[in-house]
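Below is one structure, written out as structure tokens; comments come after it.
The values are calculated or read from the model by the stated rules, or taken from the named source; none is laboratory data. Source: prediction; values computed, not measured. Cβ atoms come from the backbone with ideal geometry, glycine included; neighbour counts cover every protein chain shown.
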Amino acid sequence: VPRKLSSSSLRSAAQRCRSPPSSSSEAADPVVLADATDVSHLRYLIKATARKVIPFVARTAAKRQSDPAEADKLFKIQRDLDQTKIISKSCRQVY
């Protein structure tokens with residue numbers, strides 16, 4: 001069930017979108033405009049935590065994708081890991 005948004009939360013989100021970041025090197029935190037989280041398959045004690053963690057992970061992922069330098073670093077690490085996996089598999093097949 002999606003959360004109901006109050007007019008005050010919408011106003012504060014709109015103000016955050018309009019206001020520039022505090023410094024040129026610091027990007028503004030992404031704003032969640034809509035949220036529909038299905039946690040019905042999780043156990044009762046985990047549901048509240050999951051409802052808090054899911055938006056945090058979404059904001060963190062959005063922030064990293066919007067920062068080209070960070071995305072390039074992650075892409076380079078992923079590419080290096082993929083190459084290492086290929087080399088290790090080929091070495092195992094030879095021996």
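Things worth noting here:
- Members of the range 32-91 found to be in contact (Cβ under 8 Å) with a residue 24 or more places away in the chain and surrounded by fewer than 11 Cβ atoms within 10 Å (Cβ to Cβ), listed by number: 34, 36
- Of the listed requirements (1) assigned to a loop (DSSP other than H, G, I, E, B); (2) at pLDDT below 80; (3) of a type in the set (D, E, K, R), residue 63 misses just one: (1).
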